[in-house]
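Visitor: Got a structure for you, written out below as structure tokens; questions coming shortly.
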Amino acid sequence: QVQLVESGGGLVQSGGFLRLACAASGSTFMITAMAWYRQAPGKQRELVAGIARTGSTNYADSVKGRFTISRDDAKNTAYLLMGSLKPEDTAVYYCNAQIPWNQYWGQGTQVTVSS
């Protein structure tokens, strides 16, 4: 099993930045990819950014050029650096870790962007 704990959420003004962190523990050697998702009130959870063990990344069109996903395998931690934040980025952000036959979720961290 893999346990995920997110941190770094909070309230920020439009145009500001935040860095989220996701610390993984347990069977971290099984993780093949990590990702950040978000869910705004009344909306479906959506993929924000993902990073494979190879380092390749992918982003939602809405965050390209503003968000950067990275991972530090020595610390078993994934990060999401969010810049030029907009009110529409307000959501609960969830960390996701994939292993060959399963996936795990963190508890989520709230990000609120004020206009």
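Visitor: Just need a number here: residues in region 84-97 that are assigned to a loop (DSSP other than H, G, I, E, B) and touching a strand residue (DSSP E or B) at 6+ places or on another chain (Cβ under 7 Å).
Guide: 3
Visitor: If Thr28 passes every condition in (1) over 23 Å from Gln3 (Cβ atoms); (2) surrounded by 14 or more Cβ atoms within 10 Å (Cβ to Cβ) but one, which one does it miss?
Guide: Condition not satisfied by Thr28: (1).
Visitor: Okay, moving on. Out of the strands (runs of 3 or more DSSP E) lying entirely within region 1-76, which hold 2 or more residues that are under 14 Å from the mean Cα position of the chain (by Cα)?
Guide: 2-7, 18-26, 33-39, 46-52, 57-59, 67-72
Visitor: Kindly indicate whether Phe17 is touching a residue at least 12 places away in the same chain (Cβ under 8 Å) and surrounded by 15 or more Cβ atoms within 10 Å (Cβ to Cβ).
Guide: So Phe17 fails the test.
Visitor: Looking only at residues that are hydrophobic (A, V, I, L, M, F, W, C) and closer than 13 Å to Asp89 by Cβ in region 31-46, which one is surrounded by the most Cβ atoms within 10 Å (Cβ to Cβ)?
Guide: For region 31-46, the residue satisfying everything is Trp36.
Visitor: If you take the residues of region 89-103 that are without any contact (Cβ under 8 Å) to a residue 24 or more places away in the chain and more than 16 Å from the chain's Cα centre (by Cα), which of them is least open to solvent (accessible area, probe 1.4 Å)?
Guide: Among those residues, the one meeting the criterion is Asn102.
The values are calculated or read from the model by the stated rules, or taken from the named source; none is laboratory data. Predicted model only: the values in this text are computed from it and were never measured. Neighbour counts run over all protein chains shown; Cβ positions are idealised from the backbone, glycine included. Calculation scope for accessible area: heavy atoms of the full protein, side chains included, ligands and nucleic acids excluded. Shrake-Rupley method; radii C 1.70, N 1.55, O 1.52, S 1.80 Å.
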